[in-house]
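Undergrad: Quick one: the structure is below, questions incoming.
The values are calculated or read from the model by the stated rules, or taken from the named source; none is laboratory data. Just so it is clear, the structure is predicted and the values come from calculations on it, not from any experiment. With ideal geometry, Cβ positions are generated from the backbone for all residues, glycine too; neighbour counts draw on all protein chains shown. Heads up: the accessible areas ignore ligands, DNA and RNA and are worked out on the full protein's heavy atoms, side chains in. Shrake-Rupley method; radii C 1.70, N 1.55, O 1.52, S 1.80 Å.
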Amino acid sequence: MTHTRFAFVKANWHSEIVEKALEGFLELIPREEVDIFDVPGAFELPLATRDLAATGRYAAVIAAALVIDGGIYRHDFVAAAVVDGLMRASLDTDIPILSVSLTPHHFHETEHHRAVFTAHFLEKGREAAHAAMMIVKTRQRIAA
């Protein structure tokens, strides 16, 4: 496996926060090795990541979204569908799909929560970069 490209897919809901995951990722992975894609929301991530992984152009695909509990039961369905779909897409395509899809139960549109989750997404982006580099190396060792 000689791929050195990564795809980073981000949901546009709460984009000012989700964008921070990409910033954290790009602190460790050179921008020229990353193709960036946007989707409307978290629910669209599994399909987009599967399609990108199926191209064979990427060593890993990273999916980022913030699925908040808006006080209705839908949050649980969306969160489960996204995480399950990302795993299925990874297994179906044989390409690692890494999730920076966070699903907090207590998020409020306050300055404090926005600041907390902005910092959290920045760190999660860095963690995704470390995980992407590690899984690529591990898969290269397995293939050797």
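Undergrad: In the stretch 2-22, which residues are open to solvent by 60 Å² or more (accessible area, probe 1.4 Å) and assigned to a helix (DSSP H, G or I)?
TA: Across the stretch 2-22, the qualifying residues are 16, 19.
Undergrad: Against the condition surrounded by 15 or more Cβ atoms within 10 Å (Cβ to Cβ), in contact with a strand residue (DSSP E or B) (Cβ under 6 Å, 6 or more places away or on another chain) and free of Cβ contacts under 8 Å to residues at least 60 places away in the same chain, how does residue 66 come out, does it pass?
TA: yes
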